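Notes follow the structure.
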Amino acid sequence: MIATMTSPDDTEQAERRTSALRDNIERKGNNAYYFAHAHKADGPVWDGKEEPKLLAKKPSSIEDQRSSTPSSFDIKSNITSYAFSDEGATVKLYITMEGVGEKCSDEDVTLEHGTTSFCLLVNNYNDKSSEPMCLSFLKLTAEISSAKFRKKADRIILTLTKVDPDKTWHTINCKGTPDHEVV
């Protein structure tokens, strides 16, 4: 028996010679007839087990958060109606929630924010559901330096302080189309 040694380059050349598809992609690049097949699967090697395997964790969507604890930004907004006002140096959102002043304490309302995002959570508002009420924007029209809220009898008022007071906000999110119903 004769053993032959092949280098990785020899193996790669042999693969190219045996595959017309790879040869066409190599020669013609983006203009190749088989360009759609150019991507090679480079995922992890199967470990032989049927159980699912966590490959990566989803990164937090708030840019200022450095810890590995889950963020309230992961909760989908279920507050879909609010009023909005650009007042020069600040932007105000008026969220009507009947009886929020009686149903919720100040500790039940939390507001997290980054420079381009915020998330308002209202716990214990719904008697039927333990799910908090949430209004969250992951990409605001422009940067904010601070965010605060005031709880009234039937509404919550959010005040966002702009970094650039000269920039006019026509909408809250930067996509230009509202994710929520503006009233």
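FYI, it's all coordinate maths here, none of it is from the lab. Source: prediction; values computed, not measured. Cβ placement follows ideal geometry from the backbone for every residue including glycine, while neighbour counts extend to all protein chains displayed.
One chain, two ends: residue 168 and residue 49. Fully extended at 0.36 nm per residue, the span grows by 37.3 nm beyond their Cα-Cα distance.
Were the residues from residue 103 through residue 145 laid out at 0.36 nm apart, the gain over their Cα-Cα distance would be 12.1 nm. On the basis of the beta-carbon distance and an R0 of 22 Å, residue 157 and residue 127 show a calculated FRET efficiency of 0.40. Annotation: amide H-H contacts under 5 Å for residue 125 (H modelled 1.01 Å from N, sequence separation of 5 or more, or interchain): 133.
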